[in-house]
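To start, the structure under review is shown below, and the notes come after it.
Taken together, the values in this text are just the output of simple stated rules run on the coordinates, not laboratory data. Owing to the predicted nature of the structure, the values given are computational and were not obtained by experimental measurement. So basically every Cβ, Gly included, is an ideal-geometry build from the backbone, and we count neighbours across all protein chains shown.
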C-alpha cells in the first residue's frame, strides 16, 4: 500500500477525522508527516512540551498518564490504532501537552501540523466539538480533573484568548435574581438589597418582572428628588427589561446591552428567568476589548472622529477573527459600529436642519439591513415618512430629500461610499410617504419583471435604523397581508431570481475563477449570494420577517421547513464563507493598503480551504435543486 493510501485509510478510520468529507480527507494527505520511534521514550511531558500537531497512531502504542509530585504515573491509559492524540492539548491547554506520553518502540504515527488542525476546527464544527466534548467527559473523572486546571487555562486557549468570544452564558456564573413586589416600600426594598448584599433588585408585578432598581436608582430617583421612602419601589424603578437565552454567547450579551442601553440582562432558560448579568461586570473583565472601542464610537462627535473610528474597524475585525470568533459575531460588531456612526450623522443633521415636519423612519436595506455588513460597504438606505395633508406634502418631501442628501454626503466622507445602484435615500425614488411605499411593494409583487425582483429582495431585507418603529411595523403588516394572497407566479419569479447565481464549481468539481490581470480570483460575494437568496425565498414563503440570514434559518428550523442537520449545513457554510471574505478584506486594508473587495486570490487559499469550499458549493447546489423543485416545478432551471 502506498504511503498516501495508508494515510487516507487512517483518516477514514480515526475519530474525528472520519466525519470529514472525502475531498477534505484527501487534502490532508500531503500535509501529514510520518514519525517512527526506534526506542521507548517519553515524547510528551504534561504542561511542559509544546504540541506541534496532532498524532494519529498507525502502528504501536501510546501510554498516556499524569505524573504526580512523586513522579508516579497516574490515570494511565494505553492507546493503539485508531487514536488521535493532542487535539485537546492544542485547543484547551495553551498548546502544551495535557498528559505525558511514553511511546512504545517501533511505533509509527502520522502527524498533522497544528496550523492545519486549527483550520479543520474552523471549517467543521462537528470535528471541533469532538475534542471539547471529550474534554468535558474527562473532566467528570475525579483523577483527571484533579490534575487539570480548568477553566482558567481555557482563557489562554486557541479558541478563546478571551472567553467572552466563545463561552455560552450557561457555562458561566451569573447572579441570582433578588426580587420584590412593585408595591414594596422603597425602604423595605433597600433592606432586601442590603441583606442579600446586591446592588440590583428586580421589581415584579403579578409575578412578572417589570423593572429593576439599583444603588444608583435610589441615589438619583429617591434621595436626589427627596422622595418619601414609604412610597412603592415600582414608582422609581428603571427599565426596560431585556432578556437573552442561556445558550447565547457572552459577546452577544454585551452587544445586546449596548444596543438596548440596558445595564442588566436577564438570563432565560426553558421559558424562565434563572439569573442576570451586569454590563459593568462583563466590561470590567475585558481590558482592551472591541466593546471598549464601540463605546468610544458612541462618544465621537465630528465627522473626522467618526471617519477615524471607521478606519480602525478592520483592525478590530482582524483581532476577532484571529481569536477564532465566529463570523456571525464579527458581522454584528461591524453592524453595531456602522449603525452607531450612521445614527450620529442623522442626529447631527436633524440638529442642523431643525426638527422633522413629520414622523419618519430611516431604514437600512441589503446586507446592512440583514446585519451582515463587511468591510467593503456602500450605502443601502431609504426613508419612509407619514402621509400628510395635500398642502403639507411638498414641504415635507423637500425637507426629507435635503435631509437624505446631507446624511448621504456625510456618510460618504466617513467611508460609507455612495451606492452605485442608487439604492439610497438621497435618490428621490427611495424617499417617499408610507402610502407610496405600500404601492411600491404591491407593484413589485404583482408586476413580475426582473428589475422588480431585485428591488423587492433589496427592500424586503430592511430594518429600522432611526425614527418611528410604528411606520415600519405598518409597512410589514401590509406586506404580510399581500403575501397571503394567491401569488404563485410571484414566488416562482423570486425563486428564479434566487437561482441566478450558481455555486462556482465546474463540471469536474474544480473551483471556477475569474482572471484579473495575470491572476485567478474567486468572487466570494457571488459564492455567498445563493445562500442569502434561497433563505430569503423560504422566509418570504413562510412570512418570516427577521432580517438576518442566520436568524431566518433558525426560524425556518423552528417551523419545520428545515431540519436541524440542514440548518447546520447552511449556517456553517455561510459563516465559513463570511470569515474568508472578512479575513481577505481586512488583509487588503491592513497589509496591502488597498481598497477592500470581494475577490480572493485562488493561490492564497490552502488545500484544506479549497477542499472545504468545494464541499460547501456542493451543499449549496443541493439546496438550489430543492428550490427549483418546490417553487418553479422545473428541475432543469
Quick one: Cα centre-to-centre distance for the range 1-63 and the range 97-129, in angstrom? 7 Å
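Once the Cβ-Cβ distance between residue 595 and residue 401 is put in as r, and R0 is 25 Å, what FRET efficiency do you end up with, to the nearest 0.05? List each step's numbers first, then the result.
On the way: r = 30 Å, r/R0 = 1.19.
So the FRET efficiency works out to roughly 0.25.
How would you rank 351, 432, 146, going from fewest to most other Cβ atoms within 10 Å of each one's own Cβ? Don't skip to the end; give the middle numbers.
On the way: 351 9, 432 20, 146 12.
Lowest to highest Cβ neighbour count: 351, 146, 432.
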Going from the alpha-carbon gyration tensor of the range 523-621, what semi-axes, largest first and in whole Å, does one get by taking the root of 5 times each eigenvalue? 28, 15, 10
In degrees between 0 and 90, to the nearest 10, how far off the longest principal axis of the chain does helix 469-483 point, with axes built from Cα atoms? 80 degrees
Find how many whole Å separate the alpha carbon centroid of the range 523-569 from the alpha carbon centroid of the range 343-413. 29 Å
What is the helix-to-structure angle for 524-541, meaning the angle in degrees between its Cα long axis and the longest Cα principal axis of the chain, kept from 0 to 90 and rounded to the nearest 10? 60 degrees
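Give the order of 365, 340, 374 when sorted by the count of other beta carbons within 10 angstrom, beginning with the fewest.
Details: 365 26, 340 19, 374 22.
By the 10 Å Cβ count, ascending: 340, 374, 365.
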Using only alpha carbons, build the gyration tensor for the range 170-284 and give me the equivalent ellipsoid semi-axes, biggest first, whole Å. 25, 15, 12
FRET efficiency for residue 607 and residue 12, using Cβ-Cβ distance with R0 set to 25 Å, rounded to 0.05: 0.90
Packing-wise, with mean Cβ within 10 Å as the measure, how do 191-201, 49-59 rank, highest first? 49-59, 191-201
Which percentage, to the nearest 5, of the DSSP beta bridges contained in the range 290-482 is antiparallel? 70 percent
Would you mind checking the tilt of helix 607-627 against the longest principal axis of the Cα atoms of the chain, expressed as 0 to 90 degrees and rounded to 10? 50 degrees
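Need one word for the chain: rounded, prolate or oblate. Basis is the Cα gyration tensor (sqrt eigenvalues a ≥ b ≥ c); a/c below 1.5 gives rounded, then a/b vs b/c decides. Don't skip to the answer; put the middle values down first.
Working: a/c = 2.11, a/b = 1.28, b/c = 1.65.
Because a/c hits 1.5 or more and a/b fails to exceed b/c, the chain counts as oblate.
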In nm², the average projected area of the convex hull spanned by the Cα atoms of the range 3-158 is 8.8 nm²
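Looking at the range 290-482 from every direction and averaging, what is the projected area of its Cα convex hull in nm²?
Values: hull surface 46.3 nm².
About 11.6 nm², averaged over all directions.
Based solely on its DSSP helices, what 222 nm [θ] is calculated for the chain when runs of n ≥ 4 H residues each add -39,500 (n - 2.57) and the sum is averaged over all residues, nearest 500 deg cm²/dmol? Please report the intermediate quantities before stating the final value.
Numbers: 23 runs with 293 residues, N = 637.
It lands at -14500 deg cm²/dmol.
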Order of 349, 592 - criterion: other Cβ atoms within 10 Å of each residue's Cβ, fewest first: 592, 349
Cα centroids of the range 172-239 and the range 570-637: how far apart, whole angstrom? 51 Å
